[in-house]
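Peer 1: A single structure is presented below for examination.
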Amino acid sequence: MPDIIHLLPDSIANQIAAGEVVQRPASAVKELIENSIDAGAKNIKLIVKDAGKSLLQVIDDGAGMSEMDARMSLERHATSKIQKTEDLFTLHTMGFRGEALASIAAVSQFEMKTRLAGRDLGTWLLVDGSEVKRQEPVACEQGTSISVKNLFYNIPARRNFLKSNPVELRHSIDEFQRLALAHPGIAFTLIQGDEMIYDLSPSKLSQRIIALFGKSYQEQLAPCQEETALIKVTGYLGRPESAKKTRGEQFLFVNQRFIKNNYLNHAVMNAFEGLLQDNSFPFYVLFIDIDPKHIDVNVHPTKTEIKFDDERAVYAVVRSAVRQALGSHNLTPAIDFKTDVNILNKLNAAPLSREQYYAEQFGGSMERSNLKHWEKLFESGDSKLFSRPEPDPGMTLRFESAVNHEKEDEKTDEKAVFQLHLRYVIRSVKNGLMIIDQQAAHERVLFEKFMKHFKGEPGSSQQSLFPQTINFTPTDFALVMELEQEITALGFRFEVFGKNTLLVSGIPSEITGNEKDLLESLIEQFKRNQAELAVPVRENLASALAKRIAIKSGQKLMAPEMEGLVEGLFACSNPNYSPEGNTTFYVLDTSKIEGFFK
Ligand code: ADP
Ligand code: MG
């Protein structure tokens, strides 16, 4: 048998390596800007077109490269940053693997202009899928300019895999923000299409934060500082009561490298404990400086995960640093409410009683005659419509305690409705016992209601007493603008109020709550749905809002609320499942119940 093993040509090897390093335009943004930082640039400009899909370009005024180095930089494992293994443990550069440029050039149409200081001419290189097409001397500025065109043009499967422009742009802006935060002394510009998104001059960290996230951050930053023999922690924390319902403004850097680390994020959250509302996430930008010999950056090609040799010690210092900062700046909600806009939110919240809320939610009338309506449906013999799977034979029902709670309810046995374990609504029906999952059912009811708003019955809006401004990240802002029509159809009212800022003046009349929380969490849930399920925009929005405001399991319900819920569910065109596909109700057939006692 002949020998069959051979080495792969470079172009293929590079394409394979690219799979790990370059997942999307944002990965190239990160690698190119890191190179500019390593080259000592003072000004870095990022230009993206079509969310980086057709073009992304990074221009810097760093050291530049010689003709030979420019060519070498495209080889895999070619780097100027380390020479021997030990160098890995004393790293002071962002890069060291020497594979970014080779990878990017393997999957794009790549162009580089670069000139060393003191040289008259620079060099120009044109590369097409790893293959150097031309290299010529060129007159250019000192530094390096790299254009990456039509990323993944030669790997259609990857290109098709890219998400929509707003999503891809958000990833790139995220990378840009992280790098700009880590290096406030460097001037950064970001241009998307014809629009200047950021123009950041060199500044202190606090000013950089404000330039990136908006003026509203000015008052809410508390400095955080702590130093031990092992590490130094510095940075800023946002006030607890300014914490957002959306994640995404938590920044942790180790030796100026942005990292993702759930364990250390937990240390920060733990220090905030007791100061935050449920499911809200405080802003923070924290820098950990540590001797490189105590960390391993080489865990992952994208270098966002690192290992500490003593993670627990780092955890303890981070938590104590945050605790101390919160304590010494008196960032307790009670104190700050007096001067904070949150007092307005408080005044504005929950103007409806629970009874009023449910009356609106289910169309008001809780008359028994109305309840008959769905029972008729159910009893009409059209069993296919609501046919349920066979009950679990091992199922036992314990409802003594719940029954006792309903003593005051004077309904006849047949119509009794009660709650089980604050989770299920139980009601007798002609052919047995109906068990309704209160949360899933309410999500279905709301979902169908909201879907109607998109189909010619726009939701009415309740005007806010105190309209609130919401500051979004540029990408979330772009997303809200993209969804403007739909969000308005649901009953939200808002207008653009300065850069990335909205003034929200109304919310759907059927819901209560704080405008800011509602809109923020709607967007957050929308994004989560978008990432997890591929549902059309309207379904996504309707189910996101339904999920956000539906009755939760664990919530005590009054008899009229339960009846309203049952009625609402069976007025739905598809009552069997929640928008996410969870079963909403189940009927335990009388014959099965009889079977238990034979
Ligand atoms: P790494 O950054 O891990 O060394 P890269 O593939 O990103 O690997 O870059 C390869 C080499 O090209 C770098 O080590 C550096 O010498 C050179 N280089 C890349 N980008 C620039 C730049 N913007 N300015 C100067 N030199 C650069
Ligand atoms: Mg690099």
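The values are calculated or read from the model by the stated rules, or taken from the named source; none is laboratory data. Bear in mind the structure is a predicted one, so any value in this text is a computation, not a measurement. Every residue, glycine as well, gets a Cβ built from its backbone with ideal geometry; the counts of neighbours run over all protein chains shown. We work out accessible area using only protein heavy atoms, side chains counted, and drop any ligands, DNA or RNA first. Shrake-Rupley method; radii C 1.70, N 1.55, O 1.52, S 1.80 Å.
Peer 1: Each label point is 7 Å from the Cα along the Cα-to-Cβ direction; what then is the distance between the points at residue 1 and residue 203, in nm?
Peer 2: Label at residue 1, label at residue 203, 6.7 nm between them.
Peer 1: What are the semi-axes of the equivalent ellipsoid for the stretch 161-251, taken as the square roots of 5 times the Cα gyration tensor eigenvalues, largest first, in whole Å?
Peer 2: Calculated on Cα positions only, the semi-axes equal 26, 16, 15 Å.
Peer 1: Taking the Cα centre of the stretch 431-547 as origin, work out the dipole magnitude from +1 charges on Lys and Arg Cβ and -1 charges on Asp and Glu Cβ, in debye rounded to 20.
Peer 2: Dipole magnitude for the stretch 431-547 comes out near 100 debye.
Peer 1: Taking the Cα centre of each part, how many Å lie between the stretch 1-48 and the stretch 144-194?
Peer 2: Each part reduced to its Cα centre gives a spacing of 14 Å.
Peer 1: Sticking with this one: Given the Cα-Cα distance of residue 163 and residue 298 and 0.36 nm per residue of separation, how much length would full extension add, in nm?
Peer 2: Details: separation 135, 0.36 × 135 = 48.60 nm, distance 2.82 nm.
Taking 0.36 nm per residue and subtracting the Cα distance, the gain is 45.8 nm.
Peer 1: For residue 67, what charge total do you get from the other residues with a beta carbon under 11 Å from its beta carbon, if Lys and Arg give +1 and Asp and Glu give -1? Numbers along the way, then the final one.
Peer 2: Details: positive: 71, 115, 119; negative: 69, 136.
Net charge in that neighbourhood comes out at +1.
Peer 1: Sticking with this one: Binned at 10 Å from 0, what are the whole-percent values of the Cα-Cα distance distribution for the stretch 92-186, short to long?
Peer 2: All Cα pairs considered, the percentages come to 14, 32, 38, 15, 1.
Peer 1: Once the Cβ-Cβ distance between residue 416 and residue 495 is put in as r, and R0 is 45 Å, what FRET efficiency do you end up with, to the nearest 0.05?
Peer 2: 0.35
Peer 1: Given that compact globular proteins tend to follow 2.2 N^0.38 Å, what is the ratio of the alpha-carbon Rg of the stretch 180-232 to that value? Working shown, then result.
Peer 2: Working: Rg = 14.0 Å, N = 53, 2.2 N^0.38 = 9.9 Å.
Expressed relative to 2.2 N^0.38 Å, the Cα Rg reads 1.41.
Peer 1: With each label point set 7 Å from Cα along the Cα-Cβ vector, what nm distance links residue 310 and residue 77?
Peer 2: 3.5 nm
Peer 1: Tally Lys and Arg at +1 and Asp and Glu at -1 over the other residues with C-beta under 14 Å from the C-beta of residue 15: what net charge comes out?
Peer 2: Result for the local shell: -2.
Peer 1: Using the crude model of +1 on Lys and Arg Cβ and -1 on Asp and Glu Cβ, and no other charge, please compute the dipole size for the stretch 44-139 relative to its Cα centre, in debye to 20.
Peer 2: Its charge dipole is roughly 140 debye.
Peer 1: Can I ask one more? For residue 580 and residue 229, calculate 0.36 nm times their separation in residues minus their Cα-Cα distance, and state this gained length in nm to one decimal.
Peer 2: Result for the pair: 121.3 nm of gain on full extension.
Peer 1: Distances over 20 Å make up what percent of all Cα-Cα pairs in the stretch 527-598?
Peer 2: Tail of the P(r) past 20 Å holds 48 percent of the pairs.
Peer 1: Would you mind calculating the gained length between residue 126 and residue 452 on full extension (0.36 nm times residue separation, minus the Cα-Cα distance), in nm to one decimal? Before the final figure, lay out the partial values.
Peer 2: Working: separation 326, 0.36 × 326 = 117.36 nm, distance 5.46 nm.
Taking 0.36 nm per residue and subtracting the Cα distance, the gain is 111.9 nm.
Peer 1: Using the Cα centre of the stretch 163-288 as origin and beta-carbon charges of +1 (Lys, Arg) and -1 (Asp, Glu), tell me which of 281, 218, 271 is placed farthest towards the positive end of the dipole.
Peer 2: Of the options given, the answer is 271.
Peer 1: Please report the accessible area of residue 134 (heavy atoms, 1.4 Å probe, ligands and nucleic acids excluded) in Å², nearest 10.
Peer 2: 110 Å²
Peer 1: Quick one: of 430/598; 30/499; 45/84; 42/113; 81/293; 81/149, which pairs are farther than 28 Å apart, Cα to Cα?
Peer 2: 45/84
Peer 1: Could you size up the charge dipole of the stretch 411-492 around its Cα centre, putting +1 on the beta carbon of Lys and Arg and -1 on that of Asp and Glu, and report it in debye to the nearest 20?
Peer 2: 540 debye
Peer 1: Of the options 25, 14, 104, report the single residue whose Cα projects farthest towards the positive end of the charge dipole of the stretch 1-108 (beta-carbon charges: Lys, Arg +1; Asp, Glu -1).
Peer 2: Going by the Cα projections, it comes out as 25.
Peer 1: Tell me, what % of the accessible area of the stretch 523-598 is carbon and sulfur with a 1.4 angstrom probe?
Peer 2: Result for the stretch 523-598: 54 percent of the exposed heavy-atom area is carbon or sulfur.
Peer 1: Could you estimate the translational diffusion coefficient of the stretch 1-109 from the Stokes-Einstein equation, with Rh from the Kirkwood formula over C-alpha pairs, at 10 °C and 1.306 mPa s, in whole µm²/s?
Peer 2: Translational D for this selection: 104 µm²/s.
Peer 1: To two decimal places, what compactness ratio does the stretch 466-598 give when its Cα radius of gyration is scaled by 2.2 N^0.38 Å?
Peer 2: 1.35
Peer 1: Work through the residues other than residue 41 whose Cβ is under 12 Å from its Cβ and net out their charges, Lys, Arg +1 and Asp, Glu -1. Please report the intermediate quantities before stating the final value.
Peer 2: Working: positive: 42, 45; negative: 34, 38, 60, 61, 141.
Net of charged neighbours comes to -3.
Peer 1: Rounded to the nearest 0.05, what FRET efficiency do residue 558 and residue 423 give with R0 = 22 Å and r taken as the Cβ-Cβ distance? Could you check?
Peer 2: Values: r = 15 Å, r/R0 = 0.70.
So the FRET efficiency works out to roughly 0.90.
Peer 1: Averaging the inverse of every distinct alpha carbon separation and then flipping it gives the Kirkwood radius. What is it for the stretch 134-214, in angstrom units?
Peer 2: Details: mean 1/r = 0.0651 Å⁻¹.
By the Kirkwood definition, the hydrodynamic radius is 15.4 Å.
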